[in-house]
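A short reminder: the numbers here are calculations on the coordinates, not readings from a lab. Note that this is a predicted model, so its numbers are computed, not measured. Every residue, glycine as well, gets a Cβ built from its backbone with ideal geometry; the counts of neighbours run over all protein chains shown.
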Amino acid sequence: MKMKNFTIKETHGKARTGVMKTAQNEFETPVFLPVSTKAAAKYLSSKDLEKIGAKAIISNSFLLYLKPGMEVLKKQEIHEFMNYSGTVFTDCGGFQKLRSMFKGMSKKGIHFRSPYDGSKHVITPKKIINVQNTLGSNVAMSLDDCSPYGSSIEETKEAMERTHKWAKESLEEFSKLKDEGSKMQLFGICQGGFFEETRKKSCRFIDELTVNGTNFDGIAIGGLRIGEPAKLMNKMVKVSTEILTEEKPKYLMGVGNPADIITSVQEGVDVFDSIYPVENARHGNIFTTEGKIDIEKSKYQFDFKPLDPNCDCFVCQNYTRAYIHHLFKTDEPLAKMLAVYHNQYFMQRFMEKIRTAIKEGELDKMKERTVKQYKTP
């Protein structure tokens with residue numbers, strides 16, 4: 001099964017491997033994107049990202065619009081600016097509605113106050129598409145309205161309808177950019193909260209939407225893992241993937257727990273991103289092939305094995321659990337650098353293992369093992 005920019009290779013149930021092509025490069029799916037919000041992955045250089053095998057990352061176009069600002073990024077697009085050779089996905093900034101910088105909504109877009117200088121900004125669908133195109137995004141996201149977990153059905157419908165209106169406006173502007181020669185791809189974002197009715201409606205709308213002969217290159221599933229139980233998230237993923245066009249890449253935004261990832265892969269999801277591996281690493285929670293360990297526990301003080309004896313990353317080849325335990329206990333910045341490097345490396349190898357398991361028909365066994373090791377409430 002093949003689209004212009006995405007080819008499905010092997011399948012196992014609803015799970016599939018594929019190849020996604022962008023103007024920058026091509027990479028295998030399922031894939032995990034390290035979060036590089038401000039054109040930087042926390043505690044890792046762009047060369048580190050390439051060393052761990054990250055062929056694609058995600059940055060936040062709204063925050064980059066604020067700083068370094070468009071005058072800088074007009075002169076040097078994001079790949080050159082951060083010296084990264086892989087694909088750059090960019091988020092639209094809609095998720096920042098759930099952050100303190102959010103100041104309100106209007107028919108035009110989302111109102112924010114800059115955390116840097118207090119200046120006021122309105123992000124509209126047209127504006128943010130052009131921002132993403134200017135900064136050299138390979139895969140852009142249309143502006144969406146994410147309703148918080150716990151929203152009523154009325155609040156959820158209002159946010160969904162706004163997302164649909166903005167999706168139309170995004171595609172209209174995107175079609176103009178394509179006519180002008182833009183090689184950027186655009187993904188639409190499904191919303192709908194945690195009600196089956198609205199999730200299904202949003203997925204159908206975004207999936208089928210065409211403006212001026214242009215439709216979305218891929219579909220993102222947004223508004224999940226924002227405080228809801230894992231069981232509810234999994235239900236909404238299943239509801240969504242049953243509707244979305246099989247041939248298009250499916251992107252589950254903000255999900256990075258290995259158990260959540262492999263469960264969603266079984267439902268046909270191809271792309272993931274999250275700060276989860278980094279936030280865990282910063283608090284001493286290390287991902288291993290045997291599950292997660294808390295390196296700050298006293299039992300690791302005299303443990304001179306690698307973080308994961310089955311890992312061949314730079315950290316595991318050169319440092320011991322005892323040493324990294326010491327770094328955390330003495331609050332050395334190197335502790336977080338090494339822990340983050342390892343966790344991000346682990347995620348890239350984890351996705352490789354998923355792809356192999358799909359090819360070999362072993363995904364069910366891998367899922368059973370992973371869920372036992374990484375299941376969260």
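Listing for the model above:
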read-out: Given Lys120/Lys201; Lys157/Lys178; Lys51/Lys235; Lys42/Lys238; Lys178/Lys248, the pairs whose alpha carbons are separated by over 26 Å; value: Lys120/Lys201; Lys157/Lys178; Lys51/Lys235; Lys42/Lys238
read-out: Length gained when the stretch Lys51-Val371 is fully extended (0.36 nm per residue, less Cα-Cα span); value: 112.4 nm
read-out: The chain: relative contact order as a whole-number percent, Cα under 8 Å and 6+ apart; value: 17 percent
read-out: Histogram of C-alpha separations across segment 165-297, 10 Å bin width, %; value: 12, 37, 28, 16, 6, 1
read-out: Over the chain: helical MRE at 222 nm, DSSP H runs n ≥ 4 each giving -39500 (n - 2.57), nearest 500; value: -12000 deg cm²/dmol
read-out: Distribution of pairwise C-alpha distances over segment 1-157, 10 Å bins, in %; value: 10, 34, 32, 20, 4, 0
read-out: 5 angstrom amide H check on Val31, placed H, neighbours 5+ away; value: Val271, Phe272
read-out: Per-residue HN-Hα couplings for segment 338-348 [Karplus 6.51, -1.76, 1.60; θ = phi - 60°; Hz; x = Gly/Pro]; value: 5, 5, 5, 4, 4, 4, 5, 4, 4, 5, 5
read-out: Sorted by Cβ density within 10 Å, fewest first, the residues Val19, Val237; value: Val19, Val237
read-out: C-alpha long axis of helix 230-241 to longest principal axis of the chain, angle in °; value: 50 degrees
read-out: Cα-based reach from Lys200 at 14 Å (exclusive), listing aspartates and glutamates while leaving out same-chain residues under 8 positions away; value: Glu161, Glu208, Glu242
read-out: Inter-label distance, nm, simple model (7 Å from Cα along the C-beta direction), Glu197/Lys235; value: 1.5 nm
read-out: Crossing angle, helix 153-179 versus the chain [Cα axis fit, 0-90 degrees, rounded to tens]; value: 80 degrees
read-out: Linear extension gain, Lys353 paired with Thr37, 0.36 nm per residue minus alpha-carbon span; value: 111.1 nm
read-out: Quotient of Cα Rg and 2.2 N^0.38 Å for segment 282-374, N being how many residues it contains; value: 1.15
read-out: Amide H contacts under 5 Å for Lys103, placed H, 5+ residues apart; value: His111, Phe112, Arg113
read-out: Rounded, prolate or oblate (a/c below 1.5 giving rounded, otherwise prolate when a/b exceeds b/c) for segment 1-58 by Cα gyration tensor; value: prolate
read-out: Reachable aspartates and glutamates from Lys336, criterion Cα separation under 18 angstrom, eight or more residues apart if same chain; value: Asp48, Glu279, Asp294, Glu296, Asp308
read-out: For segment 334-358 and segment 69-138, distance of Cα centres in Å; value: 28 Å
read-out: Dipole magnitude of the chain, debye to nearest 20 (Cβ charges: Lys/Arg +1, Asp/Glu -1, about Cα centre); value: 340 debye
read-out: Burial ordering of Thr376, Thr198, fewest other beta-carbon atoms within 10 Å first; value: Thr376, Thr198
read-out: Hz values of 3J(HN,Hα) by residue in segment 262-277 - Karplus curve (6.51, -1.76, 1.60), Gly and Pro given as x; value: 5, 5, 6, 4, 5, 9, x, 7, 10, 10, 9, 8, 4, 8, 3, x
read-out: For peptides 153-159, 140-146, sequence by mean Cβ density within 10 Å, most packed first; value: 140-146, 153-159
read-out: Separation of alpha-carbon centers, segment 221-242 and segment 140-161, rounded to whole Å; value: 14 Å
read-out: Identified option (computed P(r) over Cα pairs in 20 Å bins from 0, in percent; candidates (1) 27, 57, 16, 0; (2) 21, 32, 31, 14, 2, 0; (3) 29, 59, 12, 0); value: (3)
read-out: Principal axes of segment 79-222: Cα extent on each, largest first, Å; value: 44, 41, 26
